[in-house]
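In what follows, a structure is listed as structure tokens, so that the remarks can point back to it.
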Amino acid sequence: MQKWTNSLSIDYENKLLLKTFTEDTLFFDIETTGFSPVSTQLYLIGCATRRDDKIIIEQYFAETKEDESTILSCFLKLLSDYQTIITFNGIGFDIPYIKAKCDSYHFEENFADKDYIDLFKITSALKFLLKLPNYKQKTIEQFLCIAREDKFDGGQLINIYKEYVKYPSEYHMDILKQHNYEDVLGMLDLLPILTYSNFLKGGYTISTIESNVYTDFEGKSQKELIFLLKNDIPVPKRVSYGYQEFYLTCNGEDSKLSVKLYEGELKYFFENYKEYYYLLDEDIAIHKDVAASVDKAFRKKATASTCYTKKDSLYLPQYQQIVEPAFYKEHKDKISYFELLDTFIDSNELLHCYIDHILKLLAKQKH
């Protein structure tokens, strides 16, 4: 077995790195000769930890198949001192693989007691916003303009390692070492991708709210409400996404959420339609106590879809009833609307609830 150790100075200007990479956190990445822990070998484990102002990168390399249990034992000993594990697809591959290896060697492990941040899992949930061709580590590194010296992928390294086992050489060892080293170091460089998730989970403050009139692609004049937001942590690259009545842009310290307004008449539906009558000429429902004075020829018992009153106003769309009363175009519509009133604009709580609900809606879209 060989062990390699390198240290780097931590970047104190990187607030996200300082917040995420505590002295209780361990990054790790493994290299194997295949996907199945039963029929393949674990030959390299790379880890990054923090000690004061230093980033320590340690790598455990199995020069032979017999070294597999040794590097695994060294890793488990290091892991026992840390609570939070950060990986790239570790939940999907690295951790299940290592747990299976532990079982085969009868090693105790305590992965169940750890906290996890999986950069692949988090980034994959941002597909709607990032629009990348795939969500491999190197692709995300390219998106973030992170440069690599290593030109190999994990699949290519399998043959290189097998060649090394047959004919050990510094050349092959350096290739294997460099790839794993950059995978581990690259995870630290990937942390800025978390800023998008941080924003979507409410990591912003509302700067200003503006109204705007624009011309849509059909040449019609439309109104919109624009929320100008300040990101708690700046995002690394400009991204944008539009869905239905909403359009989101994130760029550096600033984000902008535009919401198309509905101007016109909408319906407010009463809950207990059995207590109401529908007036045929007026196209509204009134309570049965009032309807008693209306000629029977001009009224009929209301149904759930005809038990409404109407109002002409300026509305904001919502997919949950964040603000009440809720108005609809038709009874079974999924989307509802609420009036754009000063009581909404002046309520910081309602504003945040409304914006958060839109961000969650956008994040649920699949592309």
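The values are calculated or read from the model by the stated rules, or taken from the named source; none is laboratory data. Note that the structure is predicted; figures quoted are calculated from it, not measured. Note that we place each Cβ from the backbone using ideal geometry, even for glycine, and neighbour counts take in every protein chain shown. We work out accessible area using only protein heavy atoms, side chains counted, and drop any ligands, DNA or RNA first. Shrake-Rupley method; radii C 1.70, N 1.55, O 1.52, S 1.80 Å.
Considering the stretch 98-110 alone, what residues qualify as being free of Cβ contacts under 8 Å to residues at least 24 places away in the same chain and surrounded by 12 or more Cβ atoms within 10 Å (Cβ to Cβ)? Matches in the stretch 98-110: LYS99 only. Here the strands (runs of 3 or more DSSP E) wholly within the stretch 226-290 that include at least 2 residues being open to solvent by less than 50 Å² (accessible area, probe 1.4 Å) and in contact with a helix residue (DSSP H, G or I) (Cβ under 7 Å, 6 or more places away or on another chain) are 239-243, 246-251, 254-260, 276-279.
Candidates are the residues of the stretch 135-156 that are farther than 21 Å from ILE30 by Cα and within 17 Å of the chain's Cα centre (by Cα); the one that is surrounded by the most Cβ atoms within 10 Å (Cβ to Cβ) is PHE143.
Return the residues of the stretch 105-120 that are assigned to a helix (DSSP H, G or I) and touching a Ser or Thr at 6+ places or on another chain (Cβ under 9 Å); say none if nothing qualifies. TYR105, LEU119, PHE120 - these are the residues of the stretch 105-120 that are assigned to a helix (DSSP H, G or I) and touching a Ser or Thr at 6+ places or on another chain (Cβ under 9 Å). Pairing each residue of the stretch 57-72 that is over 13 Å from LEU176 (Cβ atoms) with any residue that is among the charged types (D, E, K, R) and open to solvent by less than 30 Å² (accessible area, probe 1.4 Å), provided the two are 6+ apart or on different chains, yields C-beta distances under 9 Å for GLU68/LYS101; SER69/LYS101; LEU72/LYS101. Residues that are among the aliphatic types (A, V, I, L, M), within 18 Å of GLY46 (Cα to Cα) and in contact (Cβ under 8 Å) with a residue 24 or more places away in the chain within the stretch 136-160 comprise LEU157, ILE158, listed in sequence order. Flag not set for GLN156, criterion: within 30 Å of ILE358 (Cβ to Cβ) and in a helix (DSSP H, G or I). Of the residues in the stretch 189-207, at least one is touching a helix residue (DSSP H, G or I) at 6+ places or on another chain (Cβ under 9 Å), touching a residue at least 60 places away in the same chain (Cβ under 8 Å) and small (Gly, Ala, Ser). The single condition among (1) open to solvent by less than 10 Å² (accessible area, probe 1.4 Å); (2) among the small types (Gly, Ala, Ser); (3) within 13 Å of the chain's Cα centre (by Cα) that GLY186 does not meet is (3).
Consider PRO168 carefully, then state whether it is open to solvent by less than 60 Å² (accessible area, probe 1.4 Å), under 30 Å from TYR60 (Cα atoms) and not hydrophobic (A, V, I, L, M, F, W, C). No: the conditions fail for PRO168.
Scanning for something open to solvent by less than 50 Å² (accessible area, probe 1.4 Å), among the polar types (S, T, N, Q) and not in a strand (DSSP E or B), does the stretch 197-219 turn up at least one residue? Yes, that holds for at least one residue.
Looking at the stretch 311-344 only, could you name the residues that are among the hydrophobic types (A, V, I, L, M, F, W, C) and not in a loop (DSSP other than H, G, I, E, B)? Of everything in the stretch 311-344, those that are among the hydrophobic types (A, V, I, L, M, F, W, C) and not in a loop (DSSP other than H, G, I, E, B) turn out to be LEU314, LEU316, PHE327, PHE338, PHE344.
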